[in-house]
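Just below is one structure, and these are the notes that go with it.
Values in this text are rule-based calculations from the coordinates and carry no lab data. Since we're looking at a predicted model, the values are computed, not measured. Don't worry about glycine lacking a Cβ; one is built from the backbone with ideal geometry, like all the others, and counts go over all protein chains shown.
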Amino acid sequence: MRLSRYFLPVLKQNPSEAQIASHRLMLRAGMLRQEAAGIYAWLPLGHRVLKKVEQIVREEMDRAGAIELLMPTLQLADLWRESGRYDDYGAEMLRITDRHDREMLYGPTNEEMITEIFRAYVHSYKDLPKNLYHIQWKFRDEQRPRFGVMRGREFLMKDAYSFDLTEAAGRASYNQMFVAYLRCFSRMGLKAIPMKAESGPIGGDLSHEFIVLAQTGESAVFLDKRMLDLPVPGEDVDYGADLTPILDEWTHLYAATEDVHDAERYERETPEAERLTARGIEVGQTFFFGDKYSRPMKANVQGPDGVDTAVQMGSYGVGVSRLVGAIIEASHDDAGIIWPDPMAPFGVGIVNLRPGDPEVDEACERAYAALTAAGKEPLLDDTAERPGGKFATMDLIGLPWQLIIGPRGLADGVVEIKRRATGDRQTLPLAAAVRTICE
RNA sequence: CGGGGCGUAGCGCAGCCUGGUAGCGCAUCUGCUUUGGGAGCAGAGGGUCGCAGGUUCGAAUCCUGCCGCCCCGACCA
């Protein structure tokens, strides 16, 4: 992409409404525009990152055997009356009436709808297990939206739903999602720690929150430091095998949010030197809740014995739009965002220090072509802005690499590359610079 | 939902108390000079001062109502 043709409205000054780093940086880097409290337009740069997060989540869900579909944002109130949640959910649910006075709602989650879809088609244990997911916008009418995309009212969420005949099989499905989540967050460059959680209004008895440690996290967390060094399962993890050992490894050390924190147990189980109190951002939650929805909604399958049984269900959410904020919270400095390589909206920023100079232009074009061919998604700053402004913008939008090409270096046959995360710079010939970036 | 605060140009703000032709910085446009870490000079464009009533000869300014937004807390993915 050439910056001269792109849409990147960066702000030099901090917007007054943004208090935390991710919100401030997303606005300044031209990723986001607020349209109402907790409701945002994703500008091109932000949209690219959102899509990258979404794609990693999708790949890991698919790898774990989940199947993608897409359910609507609007749902009928009657569906929610079946589970009894239409009245329970309260003011957080945005209720809408259509032209025929039908009661509808903007979905805050999709347990009811997926259960309705499942029961319409699946009647035999032979079709189990199934795990269906979608990535769709949700709306929860928060009393107090804040922190940009970290607590918006409208947000993009991946929600998966597992269906099994028995509780044991349901727990195996739960384990698959648990492992998929470890992989997902790790691929995004995040340390996400699973913590035992209250299951909340969704119900059930087995639940974990996946928490990214960050100073601006909304809740205090208490954990055993050794959790930070546990190995994340690799791409080759066998989802068909018994995953209980991985689950055990990741749940035997103490880790809890303040809501469920048990100070006495913490002190008993965790040596003082290994205790870590921090703040965290919840980026995902897994629930196993058995027949909580399948029973009232009559989502039954026939077992081998010919008897109808309510299916055992779990649901698994990832806050896709929140993750964009969480990644920035976990990775930024005074100058701007520092994208982990896989999340970066562009892989490398090429800075043309003297547009109009034939030699510099030519070198930039050559670099642009080579990096594009290598799949590095370069962003070429070919604008007439002055060097200082270009450098500031590059640091702000946080691309992993900067390739700086100007007349001074070219006179000596060299260009400069800068690694955003470390600030390390190297001066070397263009071909070598491109090679280094592509490694 | 309790408490506090703010709405004036794209962004950041002053002006309001004490009513009298709407300002500053950045950004934008034009020209010239510049060009390796947010340039300089000269000129220009852009605002029914959140909305609606009221008081007044006259309202950004005073009064009333509404709307929107932010912060702290409670609540929540």
Peptides ranked, highest mean first, by Cβ atoms within 10 Å: ranges A:58-70, A:339-351 | A:339-351, A:58-70
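Starting from the Cα gyration tensor of region A:346-438, take the square roots of the eigenvalues, sort them a ≥ b ≥ c, and report rounded, prolate or oblate (rounded when a/c is under 1.5, otherwise prolate if a/b is larger than b/c, else oblate).
Working: a/c = 1.28, a/b = 1.08, b/c = 1.18.
Rounded.
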If one computes the Cα centroid of region A:384-409 and of region A:115-159, what distance in Å separates the two points?
-> 41
Top of A:G409, A:G148, A:G290 by mean-square fluctuation, Gaussian network on chain A, Cα under 10 Å = A:G409
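Using mean Cβ contacts within 10 Å as the protection proxy, how do A:84-93, A:206-215 order, highest first? Numbers along the way, then the final one.
Details: A:84-93: 14.4, A:206-215: 22.2.
In decreasing order of mean packing, A:84-93, A:206-215 become A:206-215, A:84-93.
Taking a cut-off of 39 Å, what percent of all Cα-Cα pairs in chain A are separated by more than that?
Values: 27946 of 96141 pairs.
Everything past 39 Å amounts to 29 percent.
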When we measure straight from the Cα of A:K390, which aspartates and glutamates land under 14 angstrom away, once same-chain ones fewer than 8 places off are left out?
-> A:D381, A:D382
Sort the following peptides by mean Cβ neighbour count (other Cβ atoms within 10 Å, averaged over residues), highest first: A:293-303, A:322-332, A:149-159.
-> A:322-332, A:149-159, A:293-303
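With Cβ to Cβ distances under 12 Å as the rule, what net charge do the other residues near A:H252 carry (K, R +1; D, E -1)? It would help to have the intermediate numbers written out before the result.
Details: positive: A:K196, A:R226; negative: A:D224, A:D248, A:E249, A:E269.
Residues near A:H252 contribute -2 overall.
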Work out the FRET efficiency for A:D412 and A:T73 from their Cβ-Cβ distance, taking R0 = 60 Å, and round it to the nearest 0.05.
-> 0.55
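Order of A:L32, A:L247 from fewest to most other C-beta atoms within 10 Å? Walk me through the numbers before you get to the answer.
Values: A:L32 27, A:L247 19.
Starting with the residue having the fewest Cβ neighbours, the order is A:L247, A:L32.
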Mind running the shape call on region A:204-302? Use the C-alpha gyration tensor, a ≥ b ≥ c as the square roots of the eigenvalues: rounded below 1.5 for a/c, prolate if a/b tops b/c, oblate otherwise.
-> prolate
